[in-house]
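For reference, the structure is listed below as structure tokens.
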Amino acid sequence: MTLSRLKYVAVAVLAAAALAAPGVAHAVPARAAEEVITWTLNRVPNPTPDQQDAYARISAAMDAAVARYNALSDLGKVVTVSYVPGVPTADGNLNGSIRFGGNRSYMTERTALHEIAHTVGVGLSSGWQTLSAGGPWRGAQATALVRQYDGASAVIHTGGGHFWPYGLNYENEFSQTSAERHVLIVAAMKRDGL
């Protein structure tokens with residue numbers, strides 16, 4: 001095992017231990033060490049002060065989001081990120097591209113987590129269409145997980161390429177707990193056939 005892979009496994013073990021603290025019940029899936037999310041940021045050779053600021057904010061957001069996904073899930077994806085000031089918010093594509101627009105309020109871990117979910121299929125894949133079709137999510141694993149969090153009658157709602165609860169669709173939805181649950185639900189959706 002390479003040092004890089006060992007680091008990811010160690011982070012996953014530490015995260016699982018932290019989540020196992022008294023009063024915290026989370027299902028952390030077994031992790032395949034060779035599957036990780038990686039990312040790169042497209043940069044211009046001589047960035048303006050605006051671009052330098054955006055690159056720093058985007059890098060901090062992506063580093064935090066990717067670390068969280070890699071610690072809590074077995075998802076793998078190569079993501080390419082760009083700063084495109086004309087994009088109103090941010091967007092993620094199944095091909096692994098994410099674009100952050102010029103609005104600094106979207107250059108956050110919450111946005112990065114949400115857009116990474118799109119790159120792995122949320123709202124975009126044929127599996128999404130099969131398991132949601134604009135109604136409640138019909139996959140057994142993600143449904144079981146949301147019921148563990150929110151009670152026996154809880155459902156994951158879908159619409160417009162998004163899901164809730166725990167879809168992190170708006171900044172006011174972000175907390176450490178909701179971010180962890182977001183990653184675990186996205187990973188469960190993938191196991192469901194996303």
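Here, each number is a calculation from the coordinates, and none is a lab measurement. A quick note: this is a predicted structure, and the numbers were derived from the prediction, not measured. Every residue, glycine among them, receives a Cβ derived from its backbone with ideal geometry; neighbour counts consider all protein chains shown.
Ordered by the number of other Cβ atoms lying within 10 Å of each residue's own Cβ, fewest first, S132, S125 fall into the sequence S125, S132.
Name the long-range amide H neighbours of K77: under 5 Å, sequence gap of 5 or more, or other chain; modelled H, no Pro or chain starts. Sorted by chain and number, the residues that satisfy this are V36, I37, T38. Ranked for footprinting exposure by Cβ neighbours inside 10 Å, fewest first, M189, M62 give M62, M189. Panel order for R138, R110, by other beta carbons found within 10 Å of each beta carbon, from fewest to most: R138, R110.
Tell me whether segment 146-194 comes out rounded, prolate or oblate; compute the Cα gyration tensor, take square roots of the eigenvalues as a ≥ b ≥ c, and use a/c under 1.5 as the rounded threshold. Intermediate results must be reported in sequence, preceding the final value.
Working: a/c = 1.32, a/b = 1.14, b/c = 1.16.
It is rounded, given that a/c, with a ≥ b ≥ c, falls under 1.5.
Around A112, with a cut-off of 15 angstrom between Cβ atoms, what is the net charge of the other residues, counting Lys and Arg +1 and Asp and Glu -1?
Working: positive: R57, R68, K77, R99, R104, R110; negative: D63, D91, E109, E115, E171, E173, E180.
With Lys, Arg at +1 and Asp, Glu at -1, the neighbours total -1.
Summing Lys and Arg as +1 and Asp and Glu as -1 over all other residues whose Cβ lies under 15 Å from the Cβ of D192 gives a net charge of +3. Considering only beta bridges that DSSP places wholly inside segment 77-194, some 60 percent are antiparallel.
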